[in-house]
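Written out below as C-alpha coordinates is the structure these notes cover.
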Amino acid sequence: MNRYLLRFRILFFVFLMSTLISASISFSNEDTSRPLIYTINIEGIISRGTTDYISRSIELAEANQADALVLLINTPGGLVDATLVIIEALLASDVPIITYVAPQGAIAASAGSFILVSGHTAAMSPGTTCGAAMPVTIGFSEEGSTSNAADEKTIKFLAGHIRSVAEERGRNGDVVEQFVTENLTLNAQEALDNKVIDYISRDLNALLDELDGEEIIINGKATTLNTSEPNIVPLGMNTQEKATSLISNPQLSFLLVIIGLYGLVIGFNAPETYIPEVGGAIALMAGLYGLGMFEVNLFAALMIVLGIIMLIAEALTPTYGVLSVGGILSIVLGGIFLPKEPLMPLSWFSNLISLVLGLGIGASLLMIVILRGILKIRRKKAVHGMDEYSGITATILELDGRHCTVMVRGELWQGLVSGDIPLKIGQPVQVINREGIVLNLTIPPTDQQS
(Lines give C-alpha, C1' and ligand atoms only; values in the text may rest on other atoms or scores of the structure.)
Protein backbone atom coordinates (compact mmCIF):
# COMPACT_ATOMS: atom_id res chain seq x y z
CA MET A 1 0.00 0.00 0.00
CA ASN A 2 2.79 2.34 0.91
CA ARG A 3 4.62 1.42 -2.31
CA TYR A 4 1.62 2.42 -4.47
CA LEU A 5 1.24 5.68 -2.52
CA LEU A 6 4.91 6.52 -3.10
CA ARG A 7 4.54 5.89 -6.86
CA PHE A 8 1.46 8.11 -6.97
CA ARG A 9 3.31 10.93 -5.25
CA ILE A 10 6.24 10.64 -7.67
CA LEU A 11 3.95 10.71 -10.70
CA PHE A 12 2.02 13.67 -9.30
CA PHE A 13 5.26 15.56 -8.69
CA VAL A 14 6.48 14.86 -12.25
CA PHE A 15 3.13 15.99 -13.67
CA LEU A 16 3.16 19.19 -11.60
CA MET A 17 6.69 20.10 -12.63
CA SER A 18 5.92 19.41 -16.30
CA THR A 19 2.89 21.68 -16.12
CA LEU A 20 4.86 24.49 -14.52
CA ILE A 21 7.67 24.23 -17.07
CA SER A 22 5.20 24.22 -19.96
CA ALA A 23 3.41 27.22 -18.52
CA SER A 24 6.65 29.14 -18.07
CA ILE A 25 7.69 28.34 -21.63
CA SER A 26 4.34 29.47 -23.01
CA PHE A 27 4.46 32.71 -20.99
CA SER A 28 8.01 33.29 -22.18
CA ASN A 29 7.01 32.76 -25.80
CA GLU A 30 4.05 35.05 -25.36
CA ASP A 31 6.23 37.83 -23.86
CA THR A 32 8.91 37.57 -26.56
CA SER A 33 6.29 37.70 -29.28
CA ARG A 34 5.09 41.10 -28.10
CA PRO A 35 7.01 44.39 -28.39
CA LEU A 36 9.03 45.12 -25.23
CA ILE A 37 8.56 48.66 -23.97
CA TYR A 38 10.36 49.97 -20.88
CA THR A 39 9.01 53.01 -19.01
CA ILE A 40 10.72 55.23 -16.44
CA ASN A 41 9.35 58.15 -14.40
CA ILE A 42 11.27 61.44 -14.48
CA GLU A 43 9.74 63.24 -11.52
CA GLY A 44 10.79 65.98 -9.12
CA ILE A 45 14.15 67.71 -9.32
CA ILE A 46 16.54 66.47 -12.03
CA SER A 47 19.67 65.38 -10.13
CA ARG A 48 22.69 63.12 -10.40
CA GLY A 49 20.47 60.23 -9.31
CA THR A 50 18.20 60.91 -12.30
CA THR A 51 21.23 60.77 -14.60
CA ASP A 52 22.28 57.36 -13.26
CA TYR A 53 18.67 56.13 -13.49
CA ILE A 54 18.27 57.09 -17.15
CA SER A 55 21.73 55.80 -18.15
CA ARG A 56 21.08 52.42 -16.55
CA SER A 57 17.64 52.19 -18.18
CA ILE A 58 19.10 52.89 -21.63
CA GLU A 59 21.80 50.24 -21.12
CA LEU A 60 19.18 47.71 -19.99
CA ALA A 61 16.92 48.50 -22.94
CA GLU A 62 19.82 48.09 -25.37
CA ALA A 63 20.98 44.84 -23.74
CA ASN A 64 17.48 43.32 -23.90
CA GLN A 65 16.80 44.70 -27.40
CA ALA A 66 13.73 46.59 -26.23
CA ASP A 67 11.51 48.14 -28.89
CA ALA A 68 11.44 51.49 -27.09
CA LEU A 69 12.16 53.33 -23.85
CA VAL A 70 9.49 55.79 -22.68
CA LEU A 71 10.38 58.67 -20.37
CA LEU A 72 7.29 59.82 -18.47
CA ILE A 73 8.16 63.42 -17.61
CA ASN A 74 6.77 65.56 -14.79
CA THR A 75 9.48 67.87 -13.48
CA PRO A 76 9.93 71.59 -12.67
CA GLY A 77 13.64 71.54 -13.54
CA GLY A 78 16.95 70.52 -12.06
CA LEU A 79 20.74 70.57 -12.19
CA VAL A 80 22.44 71.78 -15.36
CA ASP A 81 25.27 69.21 -15.42
CA ALA A 82 22.85 66.34 -14.81
CA THR A 83 20.58 67.59 -17.60
CA LEU A 84 23.44 67.86 -20.10
CA VAL A 85 24.58 64.31 -19.32
CA ILE A 86 21.01 63.04 -19.79
CA ILE A 87 20.69 64.77 -23.17
CA GLU A 88 23.98 63.25 -24.29
CA ALA A 89 22.79 59.77 -23.29
CA LEU A 90 19.44 60.20 -25.09
CA LEU A 91 21.06 61.42 -28.31
CA ALA A 92 23.50 58.49 -28.34
CA SER A 93 20.87 55.82 -27.58
CA ASP A 94 20.48 52.91 -30.01
CA VAL A 95 16.99 52.26 -28.58
CA PRO A 96 14.04 54.45 -29.67
CA ILE A 97 13.49 57.11 -26.99
CA ILE A 98 9.93 58.37 -26.48
CA THR A 99 9.63 61.44 -24.25
CA TYR A 100 6.10 61.92 -22.95
CA VAL A 101 4.82 64.62 -20.58
CA ALA A 102 2.28 62.76 -18.50
CA PRO A 103 -0.14 62.38 -16.79
CA GLN A 104 -2.58 65.19 -17.51
CA GLY A 105 -1.60 68.25 -15.50
CA ALA A 106 2.13 67.38 -15.60
CA ILE A 107 4.85 69.84 -16.61
CA ALA A 108 8.19 69.68 -18.41
CA ALA A 109 9.62 72.99 -17.23
CA SER A 110 13.19 74.28 -17.43
CA ALA A 111 15.48 71.21 -17.51
CA GLY A 112 12.42 69.06 -18.26
CA SER A 113 11.89 70.84 -21.58
CA PHE A 114 15.49 70.03 -22.59
CA ILE A 115 14.77 66.35 -21.97
CA LEU A 116 11.42 66.53 -23.80
CA VAL A 117 12.90 67.74 -27.09
CA SER A 118 15.74 65.18 -26.89
CA GLY A 119 13.53 62.17 -27.61
CA HIS A 120 13.31 60.52 -31.02
CA THR A 121 9.57 61.05 -30.58
CA ALA A 122 8.09 63.68 -28.23
CA ALA A 123 4.52 63.76 -26.96
CA MET A 124 2.36 65.45 -24.35
CA SER A 125 -0.90 64.65 -22.61
CA PRO A 126 -3.77 67.15 -22.82
CA GLY A 127 -3.56 69.74 -20.06
CA THR A 128 0.24 69.61 -19.77
CA THR A 129 2.83 72.36 -20.20
CA CYS A 130 6.42 72.70 -21.40
CA GLY A 131 9.02 75.46 -21.65
CA ALA A 132 9.98 78.18 -19.13
CA ALA A 133 13.68 77.31 -19.38
CA MET A 134 15.26 80.74 -18.91
CA PRO A 135 18.29 80.33 -16.61
CA VAL A 136 17.92 82.31 -13.38
CA THR A 137 19.85 83.46 -10.34
CA ILE A 138 18.41 84.12 -6.92
CA GLY A 139 17.90 87.69 -5.72
CA PHE A 140 16.05 89.64 -3.05
CA SER A 141 13.55 92.46 -3.01
CA GLU A 142 11.06 93.99 -0.61
CA GLU A 143 8.64 91.18 -1.46
CA GLY A 144 11.21 88.49 -0.62
CA SER A 145 13.22 86.18 -2.87
CA THR A 146 12.97 86.84 -6.61
CA SER A 147 14.46 85.33 -9.74
CA ASN A 148 16.71 87.32 -12.04
CA ALA A 149 17.89 86.32 -15.50
CA ALA A 150 21.32 84.68 -15.46
CA ASP A 151 24.31 86.24 -17.18
CA GLU A 152 24.23 86.60 -20.96
CA LYS A 153 26.92 83.96 -21.47
CA THR A 154 24.84 81.29 -19.71
CA ILE A 155 21.68 82.24 -21.59
CA LYS A 156 23.41 82.11 -24.98
CA PHE A 157 24.99 78.76 -24.27
CA LEU A 158 21.79 77.05 -23.09
CA ALA A 159 19.70 78.65 -25.87
CA GLY A 160 22.14 77.46 -28.51
CA HIS A 161 22.31 74.00 -27.00
CA ILE A 162 18.56 73.40 -26.81
CA ARG A 163 18.20 74.73 -30.36
CA SER A 164 20.89 72.33 -31.58
CA VAL A 165 19.22 69.37 -29.85
CA ALA A 166 15.79 70.27 -31.21
CA GLU A 167 17.03 70.64 -34.78
CA GLU A 168 18.89 67.34 -34.52
CA ARG A 169 15.53 65.73 -33.75
CA GLY A 170 13.80 67.63 -36.59
CA ARG A 171 11.97 70.08 -34.32
CA ASN A 172 11.40 73.83 -34.51
CA GLY A 173 14.65 75.32 -33.20
CA ASP A 174 13.38 78.91 -33.35
CA VAL A 175 10.50 78.25 -30.96
CA VAL A 176 12.46 75.95 -28.67
CA GLU A 177 15.18 78.58 -28.34
CA GLN A 178 12.58 80.98 -26.94
CA PHE A 179 12.13 78.61 -23.99
CA VAL A 180 15.51 79.93 -22.83
CA THR A 181 15.71 83.47 -24.22
CA GLU A 182 12.11 84.58 -23.52
CA ASN A 183 10.94 82.03 -20.92
CA LEU A 184 8.29 80.87 -23.43
CA THR A 185 5.67 78.44 -22.13
CA LEU A 186 3.47 76.26 -24.37
CA ASN A 187 0.52 74.00 -23.72
CA ALA A 188 0.20 70.69 -25.51
CA GLN A 189 -1.73 72.03 -28.51
CA GLU A 190 0.61 75.02 -28.94
CA ALA A 191 3.63 72.73 -28.72
CA LEU A 192 2.15 70.48 -31.43
CA ASP A 193 1.21 73.41 -33.70
CA ASN A 194 4.76 74.85 -33.40
CA LYS A 195 6.38 71.46 -34.16
CA VAL A 196 7.98 71.19 -30.72
CA ILE A 197 6.34 67.79 -30.16
CA ASP A 198 4.99 65.12 -32.47
CA TYR A 199 1.84 63.82 -30.76
CA ILE A 200 -0.85 64.61 -28.20
CA SER A 201 -2.19 61.48 -26.51
CA ARG A 202 -4.48 61.03 -23.53
CA ASP A 203 -2.48 58.10 -22.09
CA LEU A 204 0.48 55.84 -22.79
CA ASN A 205 -1.49 53.02 -24.44
CA ALA A 206 -3.08 55.45 -26.88
CA LEU A 207 0.31 56.96 -27.67
CA LEU A 208 1.92 53.57 -28.34
CA ASP A 209 -0.96 52.55 -30.62
CA GLU A 210 -0.52 55.76 -32.57
CA LEU A 211 3.26 55.33 -32.86
CA ASP A 212 3.13 51.77 -34.21
CA GLY A 213 4.63 51.69 -37.70
CA GLU A 214 6.08 55.22 -37.43
CA GLU A 215 9.51 55.64 -39.01
CA ILE A 216 12.22 57.44 -37.01
CA ILE A 217 15.96 58.04 -37.47
CA ILE A 218 18.30 56.49 -34.88
CA ASN A 219 21.97 57.42 -35.24
CA GLY A 220 21.53 58.00 -38.97
CA LYS A 221 19.52 54.83 -39.66
CA ALA A 222 15.81 54.61 -40.42
CA THR A 223 13.90 52.48 -37.90
CA THR A 224 10.22 51.51 -37.82
CA LEU A 225 8.59 51.56 -34.41
CA ASN A 226 6.89 48.37 -33.25
CA THR A 227 4.61 49.37 -30.38
CA SER A 228 1.32 47.58 -31.02
CA GLU A 229 -0.03 45.60 -28.03
CA PRO A 230 3.27 45.88 -26.18
CA ASN A 231 4.60 44.22 -23.08
CA ILE A 232 5.09 47.35 -20.91
CA VAL A 233 7.73 46.96 -18.17
CA PRO A 234 8.11 49.84 -15.67
CA LEU A 235 11.63 50.39 -14.37
CA GLY A 236 12.08 52.00 -10.98
CA MET A 237 15.12 53.55 -9.34
CA ASN A 238 17.37 51.16 -7.48
CA THR A 239 18.60 51.86 -3.95
CA GLN A 240 21.85 53.46 -5.05
CA GLU A 241 20.09 55.81 -7.47
CA LYS A 242 17.57 56.83 -4.81
CA ALA A 243 20.38 57.56 -2.34
CA THR A 244 22.34 59.52 -4.95
CA SER A 245 19.24 61.48 -5.89
CA LEU A 246 18.66 62.44 -2.26
CA ILE A 247 22.25 63.40 -1.51
CA SER A 248 22.70 65.37 -4.76
CA ASN A 249 19.74 67.59 -3.85
CA PRO A 250 21.43 70.85 -2.72
CA GLN A 251 18.91 71.34 0.09
CA LEU A 252 19.66 67.97 1.67
CA SER A 253 23.40 68.34 1.05
CA PHE A 254 23.46 71.65 2.92
CA LEU A 255 21.38 70.19 5.74
CA LEU A 256 23.77 67.24 6.09
CA VAL A 257 26.74 69.62 6.23
CA ILE A 258 25.11 71.63 9.04
CA ILE A 259 24.18 68.49 10.99
CA GLY A 260 27.73 67.22 10.57
CA LEU A 261 29.23 70.50 11.80
CA TYR A 262 27.10 70.62 14.94
CA GLY A 263 27.83 66.97 15.63
CA LEU A 264 31.58 67.67 15.51
CA VAL A 265 31.26 70.85 17.60
CA ILE A 266 29.29 68.97 20.26
CA GLY A 267 31.88 66.20 20.14
CA PHE A 268 34.73 68.67 20.65
CA ASN A 269 32.99 70.11 23.71
CA ALA A 270 32.05 66.70 25.13
CA PRO A 271 35.00 64.42 24.30
CA GLU A 272 34.74 60.65 24.44
CA THR A 273 30.99 60.67 23.79
CA TYR A 274 31.76 59.25 20.30
CA ILE A 275 28.18 59.30 18.95
CA PRO A 276 28.16 63.05 18.02
CA GLU A 277 31.64 62.80 16.49
CA VAL A 278 30.93 59.66 14.45
CA GLY A 279 27.44 60.78 13.33
CA GLY A 280 28.70 64.28 12.57
CA ALA A 281 31.63 63.00 10.51
CA ILE A 282 29.36 60.70 8.45
CA ALA A 283 26.79 63.47 7.84
CA LEU A 284 29.52 65.97 6.93
CA MET A 285 31.17 63.60 4.44
CA ALA A 286 27.82 62.76 2.83
CA GLY A 287 26.93 66.45 2.61
CA LEU A 288 30.27 67.40 1.05
CA TYR A 289 29.89 64.52 -1.43
CA GLY A 290 26.47 65.88 -2.38
CA LEU A 291 27.79 69.43 -2.74
CA GLY A 292 30.28 68.14 -5.28
CA MET A 293 27.47 66.99 -7.58
CA PHE A 294 26.20 70.44 -8.52
CA GLU A 295 27.64 73.82 -9.43
CA VAL A 296 28.26 76.10 -6.46
CA ASN A 297 29.03 79.77 -5.95
CA LEU A 298 32.71 79.93 -4.94
CA PHE A 299 32.22 82.97 -2.69
CA ALA A 300 29.31 81.27 -0.91
CA ALA A 301 31.38 78.11 -0.44
CA LEU A 302 34.20 80.17 1.11
CA MET A 303 31.65 81.80 3.46
CA ILE A 304 30.56 78.35 4.65
CA VAL A 305 34.18 77.29 5.15
CA LEU A 306 34.79 80.48 7.15
CA GLY A 307 31.75 79.70 9.29
CA ILE A 308 33.02 76.17 9.90
CA ILE A 309 36.40 77.54 11.04
CA MET A 310 34.69 79.98 13.41
CA LEU A 311 32.57 77.23 14.99
CA ILE A 312 35.60 74.97 15.46
CA ALA A 313 37.55 77.89 16.96
CA GLU A 314 34.66 78.56 19.36
CA ALA A 315 34.75 74.93 20.45
CA LEU A 316 38.52 74.96 21.04
CA THR A 317 38.93 78.48 22.46
CA PRO A 318 35.55 79.63 23.86
CA THR A 319 34.77 83.30 23.26
CA TYR A 320 31.35 83.13 24.96
CA GLY A 321 29.46 83.11 21.65
CA VAL A 322 31.26 85.78 19.61
CA LEU A 323 32.79 83.33 17.13
CA SER A 324 29.64 81.18 17.15
CA VAL A 325 27.42 84.09 16.11
CA GLY A 326 29.86 85.04 13.37
CA GLY A 327 30.07 81.43 12.21
CA ILE A 328 26.30 81.02 12.07
CA LEU A 329 25.85 84.25 10.08
CA SER A 330 28.59 83.23 7.67
CA ILE A 331 27.07 79.78 7.09
CA VAL A 332 23.55 81.22 6.60
CA LEU A 333 24.73 83.75 4.01
CA GLY A 334 26.80 81.10 2.26
CA GLY A 335 23.91 78.64 2.23
CA ILE A 336 21.51 81.14 0.64
CA PHE A 337 23.80 81.84 -2.31
CA LEU A 338 25.50 78.42 -2.49
CA PRO A 339 23.71 76.68 -5.44
CA LYS A 340 24.55 78.18 -8.81
CA GLU A 341 21.98 76.21 -10.78
CA PRO A 342 20.20 78.31 -13.44
CA LEU A 343 17.64 75.62 -14.38
CA MET A 344 16.21 75.22 -10.88
CA PRO A 345 12.67 76.58 -10.35
CA LEU A 346 12.15 79.69 -8.19
CA SER A 347 10.03 77.71 -5.73
CA TRP A 348 13.04 75.51 -5.07
CA PHE A 349 15.21 78.54 -4.25
CA SER A 350 12.48 79.86 -1.95
CA ASN A 351 12.39 76.54 -0.10
CA LEU A 352 16.18 76.59 0.20
CA ILE A 353 16.15 80.08 1.71
CA SER A 354 13.47 79.03 4.19
CA LEU A 355 15.54 75.99 5.15
CA VAL A 356 18.75 77.99 5.60
CA LEU A 357 17.06 80.75 7.62
CA GLY A 358 15.28 78.15 9.74
CA LEU A 359 18.60 76.46 10.50
CA GLY A 360 20.14 79.83 11.28
CA ILE A 361 17.35 80.77 13.67
CA GLY A 362 17.46 77.36 15.33
CA ALA A 363 21.23 77.58 15.75
CA SER A 364 20.92 81.10 17.17
CA LEU A 365 18.32 79.99 19.73
CA LEU A 366 20.56 77.09 20.71
CA MET A 367 23.46 79.50 21.13
CA ILE A 368 21.34 81.78 23.34
CA VAL A 369 20.50 78.82 25.59
CA ILE A 370 24.19 77.88 25.79
CA LEU A 371 25.26 81.46 26.58
CA ARG A 372 22.64 81.78 29.32
CA GLY A 373 23.96 78.58 30.85
CA ILE A 374 27.50 79.95 30.73
CA LEU A 375 26.43 83.21 32.41
CA LYS A 376 24.65 81.30 35.18
CA ILE A 377 27.76 79.25 35.80
CA ARG A 378 29.92 82.38 35.95
CA ARG A 379 27.63 83.95 38.56
CA LYS A 380 27.83 80.95 40.86
CA LYS A 381 30.22 80.91 43.77
CA ALA A 382 33.48 79.17 42.96
CA VAL A 383 33.56 75.56 44.04
CA HIS A 384 37.34 75.34 43.76
CA GLY A 385 39.99 77.55 45.36
CA MET A 386 41.04 78.55 48.87
CA ASP A 387 37.48 78.69 50.13
CA GLU A 388 36.15 75.52 48.50
CA TYR A 389 35.89 73.68 51.88
CA SER A 390 35.10 76.72 54.07
CA GLY A 391 32.52 75.93 56.76
CA ILE A 392 32.61 72.19 56.16
CA THR A 393 32.96 69.86 59.15
CA ALA A 394 35.88 67.39 59.13
CA THR A 395 36.85 64.51 61.43
CA ILE A 396 40.27 64.07 63.03
CA LEU A 397 41.83 60.69 62.15
CA GLU A 398 45.44 61.21 63.34
CA LEU A 399 46.79 63.76 65.81
CA ASP A 400 50.25 65.32 66.44
CA GLY A 401 49.86 68.33 68.70
CA ARG A 402 47.85 70.94 66.81
CA HIS A 403 48.69 69.19 63.51
CA CYS A 404 46.37 66.42 62.36
CA THR A 405 45.05 64.34 59.48
CA VAL A 406 41.35 64.85 58.80
CA MET A 407 38.69 63.31 56.55
CA VAL A 408 36.78 65.83 54.37
CA ARG A 409 34.19 64.65 51.83
CA GLY A 410 35.85 61.24 51.70
CA GLU A 411 39.32 62.74 51.17
CA LEU A 412 42.37 62.82 53.54
CA TRP A 413 43.85 66.27 54.21
CA GLN A 414 46.56 67.67 56.45
CA GLY A 415 45.17 70.18 58.96
CA LEU A 416 46.23 72.74 61.55
CA VAL A 417 43.82 73.44 64.42
CA SER A 418 43.83 76.93 65.97
CA GLY A 419 43.11 77.59 69.65
CA ASP A 420 44.20 75.83 72.82
CA ILE A 421 41.29 73.47 73.47
CA PRO A 422 42.44 69.85 73.88
CA LEU A 423 42.02 67.62 70.81
CA LYS A 424 41.27 63.94 70.43
CA ILE A 425 40.90 61.33 67.69
CA GLY A 426 37.44 61.34 66.13
CA GLN A 427 36.76 64.93 67.20
CA PRO A 428 34.85 67.09 64.71
CA VAL A 429 36.55 70.27 63.49
CA GLN A 430 35.46 73.00 61.09
CA VAL A 431 37.38 74.17 58.02
CA ILE A 432 38.25 77.88 57.95
CA ASN A 433 40.07 77.92 54.60
CA ARG A 434 42.81 76.18 52.63
CA GLU A 435 46.44 77.18 52.23
CA GLY A 436 48.06 74.96 49.64
CA ILE A 437 47.57 71.38 50.82
CA VAL A 438 46.87 72.32 54.44
CA LEU A 439 43.45 73.08 55.86
CA ASN A 440 43.14 75.69 58.61
CA LEU A 441 40.76 74.27 61.19
CA THR A 442 38.96 75.39 64.31
CA ILE A 443 36.81 73.77 66.97
CA PRO A 444 33.08 74.27 66.27
CA PRO A 445 31.49 76.73 68.74
CA THR A 446 29.24 74.02 70.21
CA ASP A 447 32.28 71.84 71.08
CA GLN A 448 34.12 74.83 72.58
CA GLN A 449 31.23 75.48 74.98
CA SER A 450 31.14 71.88 76.05
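The values are calculated or read from the model by the stated rules, or taken from the named source; none is laboratory data. Model, not experiment: these values are computed from the prediction. When we count neighbours, we look across all protein chains shown, and the Cβ atoms used for this are built from the backbone with ideal geometry, even at glycine. When the accessible area is computed, the model is the full protein with side chains, heavy atoms only, and any ligands, DNA or RNA have been set aside. Shrake-Rupley method; radii C 1.70, N 1.55, O 1.52, S 1.80 Å.
The figures follow:
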| item | result |
| --- | --- |
| Local electrostatic count, ARG202, Cβ distance below 14 Å [Lys/Arg +1, Asp/Glu -1] | -3 |
| Using a Förster distance of 25 Å, the FRET efficiency for GLU182-LEU91 (Cβ separation, nearest 0.05) | 0.50 |
| Solvent-accessible area, 1.4 Å probe, carbon plus sulfur percent, for the stretch 179-247 | 45 percent |
| Solvent exposure, largest accessible area first (probe 1.4 Å, DNA, RNA and ligands not counted), of ARG409, ARG163 | ARG409, ARG163 |
| Estimated Rh, the stretch 114-265: Kirkwood, alpha-carbon pairs, angstrom | 18.8 Å |
| Candidate residues ARG34, ARG171: accessible-area rank, largest first, probe 1.4 Å | ARG34, ARG171 |
| Sum of side-chain charges, GLY127 neighbourhood, beta-carbon under 13 Å (Lys, Arg +1; Asp, Glu -1) | -1 |
| Approximate spin-label separation ALA281-GLU215, in nm, with each point projected 7 Å along Cα-to-Cβ | 6.4 nm |
| Rounded, prolate or oblate (a/c below 1.5 giving rounded, otherwise prolate when a/b exceeds b/c) for the stretch 178-220 by Cα gyration tensor | oblate |
| Net lengthening on full extension, GLU168/TYR274 (0.36 nm per residue, minus Cα-Cα) | 32.5 nm |
| Residues SER354 and GLU388, FRET efficiency given R0 of 41 Å [Cβ-Cβ distance, rounded to 0.05] | 0.25 |
| In nm, spacing of pseudo-spin labels at PHE299 and GLU435 (7 Å Cα→C-beta vector) | 6.6 nm |
| Ranking by accessible area, most exposed first, for HIS161, HIS120 with a 1.4 Å probe | HIS161, HIS120 |
| Solvent-accessible surface (1.4 angstrom probe) belonging to TYR289, in square angstrom, nearest 10 | 130 Å² |
| Mean-position separation - Cα centroids, the stretch 203-247 and the stretch 88-110, in angstrom | 9 Å |
| Whole-number percent relative contact order across the stretch 166-255, with pairs defined as alpha carbons under 8 Å at least 6 apart | 14 percent |
